[in-house]
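The structure under discussion appears below in the form of structure tokens.
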Amino acid sequence: MQASAAILREHVDFLCGNIGVRLAGSAAEYQAAEYTAETAKKYSSDVIIERFPVMERAITSEVLEVEINGKWQRFPASLFGNAVSTGGKTLEAELVWFDSRGGYRRKDLSFLRDKAVVHLGCHILNPAHYQALMDARPAFLLFVDTRFPAQEPRADGLFPAYVKSSGALPTMNVAFENARLWRNSHASKARLTVCGESRPAQSVNVIITLPGSDPEAGTVYAAGHLDTQADSVGADDNAIGVAAVLELARILSRTPHRRTIKLCAFGAEEQLSVGSAAYVRRHRQEIEKSGVFMCNFDSFATAMGWTELFITGSDDTINTVDSIFQQEDIYAVIRRDISPFVDNFSFSAAKVPGMWVNRKDCDAGNFYHHTAQNTPDKLDFELAAKHVTAGAKTVAHYADTDTSISGLQILTSAQQQEIADLWQAVYNGWEG
């Protein structure tokens, strides 16, 4: 049961080179889904594509200018997915700075009204904070990804549940070092012109089923995601995850298993796991009743770095997974904290234990995160193959163990409460 580095590279090269940037809801994302489905048919006669609604980022131009010492200078910026554009109009406003770490303690944010707000931090985890920001009615927002002191903007997206409940403004991601320049230069104004829009579209999930010998014994899941961020071919985020799904199909289809295995290539992960959430909501009853384990591959192939396994489940689950990975000479950092930003989180909301296989090359993640630098040359395919082999053996273990579903579906009460709170706050719960 060994994954092939050469085959993984072949899939990644096709997704990145032949298709390229694969935005959620775009023709390129669907092309990636078709490639995945057609390849998977070599290993399974049960391959389906499920559609679900998204907002496609269809932007034709973005122009951000900042006034420094009386002169307008142009800087790169990337419109967040699900944000509104300026509709081709130019918005001009005074620059103000907002520290999101402590700033939301303020009872009054009216000083942001009609301003170009440089917002330190690009993820707002508290929906009340996002609502307060929208209520303040800035002219537009310039979000700074404070995780990385980068010289280029990193693409990202607004949480769909927030946009649905509170609306959105023109929101750009700007480079950390440019924001530092504005601050140190006492920049006074900014103006923004964005042509294009976010428009209704359809994204897709590809589901590959390997039927088990005992249909009542439950289902084991594994996944990666199809889509990328703007201007990124996403070799590690997450062409390698789709390649892993296809390698799992090839490897695991060779031997019969007791439990059914479902391998998923999800769409719209970069919009906050919209695809996996849509799948779990659609199949909630089945997943809550029969789901045994979920193994998610996302950004796990960086050449320089370390492996982290985010495991949600009992101590026995953690020990089992860790032991399997050590057998493949992978000594990972074991993380028990729960991340809402990955596709296995939706399965956790349905009370299914699981894990996210991830590799970092810096404390904040990867230096090429959500940029055009996320290319195949950054990956170690031999190392990736070891991780896929360990993942395949993990999936096979849970597909073949005699332990009952109830004996495997174990999340602590503390885990369940934290997951339920995040599921409601960030995903708007089961209503979506």
Subject >> Scope the stretch 109-162; condition under 18 Å from GLU270 (Cβ atoms) and among the charged types (D, E, K, R); matching residues >> reply: ASP145, ARG147, GLU152, ARG154, ASP156
**OP:** Only residues that are open to solvent by less than 20 Å² (accessible area, probe 1.4 Å) and more than 18 Å from LYS360 (Cβ to Cβ): list them for the stretch 283-313, please.
**Re:** ILE287, GLY291, VAL292, PHE293, MET294, CYS295, THR312, GLY313
**OP:** Determine, yes or no, whether VAL117 is over 26 Å from ALA230 (Cα atoms), out of contact with any Ser or Thr (no Cβ under 9 Å at 6 or more places or on another chain) and modelled with pLDDT of 95 or more.
**Re:** no
Original post:
How many residues, within the stretch 107-124, are in a loop (DSSP other than H, G, I, E, B), open to solvent by less than 50 Å² (accessible area, probe 1.4 Å) and of a type outside the set (D, E, K, R)?
Top reply: 4
**OP:** Scan GLU34, GLU56 and give me the residue that is buried (at least 20 other Cβ atoms within 10 Å of the Cβ) and modelled with pLDDT of 95 or more.
**Re:** GLU56
Original post:
Out of all the residues in the stretch 125-141, is one or more free of Cβ contacts under 8 Å to residues at least 40 places away in the same chain, under 30 Å from GLY275 (Cβ atoms) and part of a loop (DSSP other than H, G, I, E, B)?
Top reply: no
**OP:** Sort out which residues of the stretch 301-346 are part of a helix (DSSP H, G or I), hydrophobic (A, V, I, L, M, F, W, C) and either within 30 Å of THR375 (Cβ to Cβ) or touching a Ser or Thr at 6+ places or on another chain (Cβ under 8 Å) (or both), and write them in order of number.
**Re:** VAL321, ILE324, PHE325, PHE345
Subject >> Among the residues listed as HIS186, HIS257, the single one being surrounded by fewer than 24 Cβ atoms within 10 Å (Cβ to Cβ), out of contact with any helix residue (DSSP H, G or I) (no Cβ under 8 Å at 6 or more places or on another chain) and either assigned to a loop (DSSP other than H, G, I, E, B) or among the hydrophobic types (A, V, I, L, M, F, W, C) (or both) >> reply: HIS186
Original post:
Only one of (1) open to solvent by less than 10 Å² (accessible area, probe 1.4 Å); (2) part of a loop (DSSP other than H, G, I, E, B) is not met by GLN151, so which one is it?
Top reply: (1)
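The values are calculated or read from the model by the stated rules, or taken from the named source; none is laboratory data. In this text, all values refer to a predicted model and were calculated from it rather than measured experimentally. We place every Cβ from the backbone using ideal geometry, glycine too, and count neighbours over all the protein chains shown. Ligands, DNA and RNA are excluded from the accessible area calculation, which covers all protein heavy atoms including side chains. Shrake-Rupley method; radii C 1.70, N 1.55, O 1.52, S 1.80 Å.
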